[in-house]
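Heads up: the structure comes next, in structure tokens.
The values are calculated or read from the model by the stated rules, or taken from the named source; none is laboratory data. Fair warning: this is a prediction, and the values are worked out from it, not measured in the lab. For neighbour counting, all protein chains shown are included, and Cβ atoms are generated from backbone atoms with ideal geometry for every residue, glycine included.
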Amino acid sequence: MNKIEEKINHIRCETEMEESILFLLKLDDFSPVFNYADKVNTLHHGLFVDIRAILEFSNICKRKCKYCGLNSQNKNVHRYRMNREEIISTALEAIKAGYRTLVMQSGEDDFFTAEYLGEIVKEIKSLSNVAITLSCGERTYEELKHLKKCGADRYLLKHETADTSLYSFLHSCGTLENRVQCLRNIYELGYETGSGFMIGLPNQTLQTVTRDLLLLRDLKCHMAGIGPFIPHPDTVLSAYPAGSTELTKRAVAIARILLPKANLPATTSLGVLDSNEKNNIFSCGANIIMRKVTPPNYVRHYEIYPGAKGVSDIYAERKELEDSIKALGKIPR
Ligand code: SAH
């Protein structure tokens, strides 16, 4: 057994994990790990790539996350809030176009109380058997319980970074402890639990990334979104460099080894699909891709980071994405 196989085995057998992950992240040539992660992914998910719709129903946010373009201190954002009818009709359009999961995302917007959001979830669930993922920030145990009762299936709340002091630096209005507690509540309430983190945050080290990966495992995540940090011009982190795509793919590959069955999205910030690229984003262990279905007049104002593309035609976009996935030898679903 060579050194790389030995370290992968350590991770699988849950011994010397931290040291083994660090060793792998530092490799000059990571391709054996990508190949291994790809095999694990194929074993658990076959050739399927699941396409998720993401509906960004409000960009109003009370928080001040330093990296996020929607933070409440950014006065250059035109704020919007979709109403109940708009949310439901967009959801139905996405379902008609073939989406089987709908991610409903927003800033932390108190207008959407658990009661109100719950009614919307209930109505969408009564009209179709779509899976609903909520991604609207930290909520109390009682609120999460209510939303689950209304039919929400999954909850996505990235821990962002497992480094306590980096977390505090980035979030003046929250603590890592609260975030993690909220994720544990989500799990306990029976949601499919999604966490995740960013690669390339200021002062992040490979040690931090290792701890991020181990936290995903500790939280028993069913989903994990790992994406590069992309500086937003209207934030205090505008001058920092973007996170590395290579390191992001490495982290996804190790997450696949740690959580063989998990749903791991190739985050949009990782780049576009290119069927000519042999080393495409689905060869590192990712099995999910998300597409925005937010109406065009709103989507241009939902800029967490620059460059994320919106859609003008839900049907045509989905068809185009399915074709690119097929061109990679995978099966869109
Ligand atoms: N308000 C919700 C969800 C919206 S933000 C919440 O707090 O969970 C969705 C995700 O976008 C965040 O969890 C974060 O990981 C990511 N994100 C925000 N700003 C980013 C940036 N500048 N670069 C890359 N990812 C970013």
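Only one of the numbered conditions (1) farther than 23 Å from Glu108 by Cβ; (2) surrounded by fewer than 19 Cβ atoms within 10 Å (Cβ to Cβ) is not met by Gly200, and that is (2). Exactly one residue among Glu119, Glu123, Glu143 is within 16 Å of the ligand (Cβ to nearest atom) and either surrounded by 20 or more Cβ atoms within 10 Å (Cβ to Cβ) or free of Cβ contacts under 8 Å to residues at least 40 places away in the same chain (or both), and that residue is Glu143.
Taking (1) in a helix (DSSP H, G or I); (2) touching a strand residue (DSSP E or B) at 6+ places or on another chain (Cβ under 7 Å); (3) within 14 Å of the ligand (Cβ to nearest atom) in turn, Leu166 satisfies each apart from (2). May I ask you to verify whether Leu157 is at pLDDT 95 or above, within 11 Å of the ligand (Cβ to nearest atom) and out of contact with any helix residue (DSSP H, G or I) (no Cβ under 7 Å at 6 or more places or on another chain)? Criteria not met by Leu157. Across the range 198-219, which residue is modelled with the lowest pLDDT among those that are more than 13 Å from the ligand (Cβ to nearest atom) and part of a loop (DSSP other than H, G, I, E, B)? That would be Asn203. Among the residues of the range 51-64, the ones that are aliphatic (A, V, I, L, M) and part of a loop (DSSP other than H, G, I, E, B) come to 1 in all. For the residues Leu176, Leu216, Leu189, the requirement of being in contact (Cβ under 8 Å) with a residue 24 or more places away in the chain, farther than 19 Å from Val49 by Cα and surrounded by fewer than 21 Cβ atoms within 10 Å (Cβ to Cβ) singles out Leu189. Among what's in the range 220-242 and is in a strand (DSSP E or B) and not small (Gly, Ala, Ser), pick the residue that is nearest to the ligand (Cβ to nearest atom). Once the filter is applied, the top-ranked residue is Pro228. Count of the range 318-330 residues, restricted to those that are touching a residue at least 24 places away in the same chain (Cβ under 8 Å), closer than 25 Å to Thr90 by Cα and surrounded by fewer than 19 Cβ atoms within 10 Å (Cβ to Cβ), is 3. Name the single residue that is farthest from the ligand (Cβ to nearest atom) among those in the range 243-257 being surrounded by fewer than 19 Cβ atoms within 10 Å (Cβ to Cβ) and not in a loop (DSSP other than H, G, I, E, B). Residue satisfying both the conditions and the ranking: Glu246. Filter the range 11-50 down to the residues that are among the aliphatic types (A, V, I, L, M), outside any loop (DSSP other than H, G, I, E, B) and modelled with pLDDT under 95 and list them by number. Of everything in the range 11-50, those that are among the aliphatic types (A, V, I, L, M), outside any loop (DSSP other than H, G, I, E, B) and modelled with pLDDT under 95 turn out to be Ile11, Met17, Val49.
When every residue of the range 65-84 is checked against the conditions, none turns out to be assigned to a helix (DSSP H, G or I), away from the ligand (no atom under 16 Å from the Cβ), more than 19 Å from the chain's Cα centre (by Cα) and within 27 Å of Ile288 (Cβ to Cβ).
Taking residues in the range 234-260 that are touching a residue at least 24 places away in the same chain (Cβ under 8 Å), and partners anywhere that are of a type in the set (D, E, K, R) and within 13 Å of the ligand (Cβ to nearest atom), the pairs with Cβ atoms closer than 7 Å and at least 6 places apart or on different chains are Thr235/Lys66; Val236/Lys66; Leu237/Lys66. Is it the case that Ser195 is part of a strand (DSSP E or B) and either over 27 Å from Asp323 (Cα atoms) or more than 13 Å from the ligand (Cβ to nearest atom) (or both)? In short, yes.
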